[in-house]
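This report refers to the structure that appears directly beneath it.
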Amino acid sequence: MDEEMSDTYGYEADAALVKKFNPNTIGILKASYFVGDDFYDDVKQVSMELNYKF
């Protein structure tokens, strides 16, 4: 919403999946979907992350 709370830009849904493979390695999968109103485009995003701790 904008500062005046009179308009919306769209709606968004997000999800994250976290998997611990061992004490040092974690995988993260993230997904989001934005449905834009009027002048804003829809956006679909997926990202994957692998964290390793030394």
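None of the figures in this text is laboratory data; all of them are computed from the coordinates on show. No experiment lies behind these values; they were computed from the predicted model shown.
Before moving on, here are some points about what is shown:
- Per-residue HN-Hα couplings for the range 9-24 [Karplus 6.51, -1.76, 1.60; θ = phi - 60°; Hz; x = Gly/Pro]: 9, x, 10, 9, 10, 10, 8, 9, 10, 10, 10, 8, 7, 7, x, 10
- Binned Cα-Cα distance frequencies in the range 10-52 - 10 Å width, integer %: 27, 36, 22, 13, 2
- Proximal lysines relative to K53, as straight alpha-carbon distance under 24 Å, when same-chain residues fewer than 8 apart are discounted: K19, K20, K30
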